[in-house]
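Visitor: Okay, handing you the structure first.
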Amino acid sequence: MSSIKCVGILTSGGDAPGMNAAVRAVTRAAIYNGLEVKAIYRGYKGLITDEIENFRTQNVSNIIQQGGTILKTARCKEFMTPEGRQLAYETLKKHGIDALICIGGDGTLTGARIFASEFDFPIVGIPGTIDNDLFGTDNTIGYDTALNTIMDAVDKIRDTATSHERLFFIEVMGRDAGFLALNGAIATGAEAAIIPEIATENDQLTELIRNGFRKSKNSSIVLVAESPITGGAMALADRVKNEYPQYDVRVTILGHIQRGGSPSAIDRILASRMGAASIDALLEGQRNVMIGIQNDELVYVPFNKAIKNDKPINRELLNTLRILSI
Ligand code: ATP
């Protein structure tokens, strides 16, 4: 028998489509298993400012299709201090919460790992971030929807790029990870992706120009991950304008549109499975693990592994993009 009677749930860091589906799944799976559920608002901030509400099954009705997070999210500096975490612990005790489910990205799981070890508190993490940059899971919640949003936007830009015979640099999110840029490029038939993972290996722009977005093409689209390592779309476009004035260059920064919208079927299903699995994990006595998905199987990934290891880009995808953009 598990000693856990009441589980707290929060969403933290950048919002991602499918977080609501995960909140729904955690809430309903917990209630199904006889647990009490307390919703914590605004991520770790809500633990410090005591913004907590009892959740019943009805609180999560009609949210599976909504983007964003009904629990709100925040970046909380105070939780990064021992004093802030002490306050958070006191709030949890006050509400009788004896385990936490934290939905978020790398930073959220880092905070969870530190808190769990300081207070010997059971936490299970769910990877919710459009960046797909957590190690140990093939996909994170929100990634597929963001990829589809990018695909729709780039398809539209392609129409105007072709009509005007222009070269477009389109900046997508992905501070440390090129998954959105690389797979977005493959999905839209873009000519190239400029991503942080290989930016230090070679000058991707020079390579791109040498291989030529030219001849047989009457438009070119390059997806650029927004990372400081790539320099971003604006800087790359300026370089091309200076060095190759013959190109008619334009820049589009997709920005926060990538975070919004109704989650795709894939994200809703992933979030539902991971949410339910997080409660199973707690009841099985799992601690300090993130729920991951590998080859369609749910797995438990220790926080340390999920956070510390860089998730590698699949080189086969790079090669495919290169071959298909001739
Ligand atoms: P995304 O990948 O979408 O940006 P994220 O979860 O990585 O999401 P962050 O802003 O990095 O977003 O982290 C969310 C919150 O996690 C932070 O605001 C902070 O409260 C907590 N956090 C992050 N790093 C730490 C840390 N080293 N110690 C304690 N708490 C942390």
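Taken together, the values in this text are just the output of simple stated rules run on the coordinates, not laboratory data. The structure displayed is predicted, hence computed values, not measured ones. Reconstructed Cβ throughout: ideal geometry from the backbone, glycine too, with neighbour counts over all protein chains shown.
Visitor: Take the alpha-carbon centre of region 280-294, take the same for region 140-173, and report the distance between them in whole Å.
Guide: Taking the Cα centre of each part, region 280-294 and region 140-173 sit 36 Å apart.
Visitor: Here's something else I'd like to know. Determine the gain in length on full extension of the stretch residue 156-residue 250; use 0.36 nm per residue of separation and subtract their C-alpha separation, reporting nm with one decimal. Walk me through the intermediate numbers first.
Guide: On the way: separation 94, 0.36 × 94 = 33.84 nm, distance 1.41 nm.
Value of the extension gain: 32.4 nm.
Visitor: When only Cα pairs under 8 Å and 6 or more residues apart are kept, what is the percent relative contact order across region 145-259?
Guide: Relative contact order here is 38 percent.
Visitor: Which whole-number percent is the relative contact order of the chain (Cα, under 8 Å, 6+ apart)? Mind showing how you got there, number by number?
Guide: Working: 715 pairs, mean separation 77.4, N = 326.
This gives 24 percent for the chain.
Visitor: How big is the dipole moment of region 259-326 about its Cα centre under a simple scheme where the beta carbon of each Lys and Arg is +1, that of each Asp and Glu is -1, and everything else is neutral? Debye, nearest 20, please. Mind dumping the intermediate values first?
Guide: On the way: 9 positive and 7 negative charges, 64 e Å.
For region 259-326, the charge dipole is close to 300 debye.
Visitor: Moving on to the next point. Could you give me the radius of gyration and the Dmax of the chain, taking only the C-alpha atoms into account and expressing both in angstrom?
Guide: Values for the chain (Cα only, Rg and Dmax): 21.4, 72 Å.
Visitor: Something else about it: Among the listed pairs 77/308; 38/93; 45/93, which are separated by more than 19 Å between their Cα atoms? Write down the numbers at each step before the final one.
Guide: On the way: 77/308 21 Å; 38/93 12 Å; 45/93 16 Å.
Going by Cα-Cα distance, 77/308 fall outside the 19 Å limit.
Visitor: Putting +1 on Lys and Arg Cβ atoms and -1 on Asp and Glu Cβ atoms, find which of 148, 164, 124 reaches farthest to the positive end of the dipole of region 121-190.
Guide: Checking the options against the dipole of region 121-190, the answer is 164.
Visitor: So, one more: Can you give the calculated 222 nm mean residue ellipticity of the chain, where each DSSP H run of n ≥ 4 adds -39,500 (n - 2.57) and the sum is split over every residue, rounded to the nearest 500 deg cm²/dmol?
Guide: Numbers: 12 runs with 137 residues, N = 326.
Value at 222 nm, helices only, nearest 500: -13000 deg cm²/dmol.
Visitor: For region 162-213, what log10 I(q)/I(0) values come out of the Debye formula at q = 0.21, 0.28 1/Å, with one point per alpha carbon and no solvent?
Guide: Those come out to -0.83, -1.26, one per q.
Visitor: In whole Å, what is the distance between the alpha-carbon centres of region 40-54 and region 92-132?
Guide: 13
Visitor: Now for a separate question. Go through 170-179, 231-240 and give me the packing order, highest mean Cβ count within 10 Å leading.
Guide: On the way: 170-179: 24.3, 231-240: 17.8.
For the peptides 170-179, 231-240, the packing ranking is 170-179, 231-240.
Visitor: Next question, about the same structure. Size of the dipole of the chain about the Cα centre, Lys and Arg at +1 and Asp and Glu at -1 on the beta carbon, nothing else charged, in debye to 20?
Guide: Details: 34 positive and 38 negative charges, 79 e Å.
Magnitude of the dipole: close to 380 debye.
Visitor: Work out, step by step, the length gained on full extension between residue 310 and residue 138: first 0.36 nm times the residue separation, then minus their alpha carbon distance; give nm to one decimal. Kindly include the intermediate steps, with their values, before the conclusion.
Guide: Working: separation 172, 0.36 × 172 = 61.92 nm, distance 1.28 nm.
Taking residue 310 through residue 138 to full extension adds about 60.6 nm, to one decimal.
Visitor: Another question, then. Would you list which aspartates and glutamates come within 13 Å of residue 311, measuring only between C-alpha atoms, while excluding same-chain residues fewer than 8 positions from it?
Guide: Partners within reach: 106, 131, 133, 138, 176, 197.
Visitor: Starting from the 7 Å offset along Cα-to-Cβ, what nm value, one decimal, do you get for the label separation of residue 295 and residue 117?
Guide: Output for this residue pair reads 3.1 nm.
Visitor: Given points 7 Å out from each Cα along the Cα-Cβ axis, report the residue 86 to residue 61 separation in nanometres with one decimal.
Guide: 4.4
Visitor: In the calculated pair distance distribution of region 145-259, what percentage of Cα-Cα distances lie above 18 Å?
Guide: Details: 2805 of 6555 pairs.
Everything past 18 Å amounts to 43 percent.
Visitor: What order, most packed first, do the peptides 3-12, 86-95, 140-149 have when packing is the mean number of other Cβ atoms within 10 Å of each residue?
Guide: On the way: 3-12: 22.3, 86-95: 16.5, 140-149: 27.1.
Highest mean packing first, the order is 140-149, 3-12, 86-95.
Visitor: Placing +1 at every Lys and Arg Cβ and -1 at every Asp and Glu Cβ, with all other atoms neutral, what dipole size does region 191-326 have around its Cα centre, in debye to the nearest 20? Write out the running numbers ahead of the final one.
Guide: Values: 16 positive and 16 negative charges, 53 e Å.
Approximately 260 debye in magnitude.
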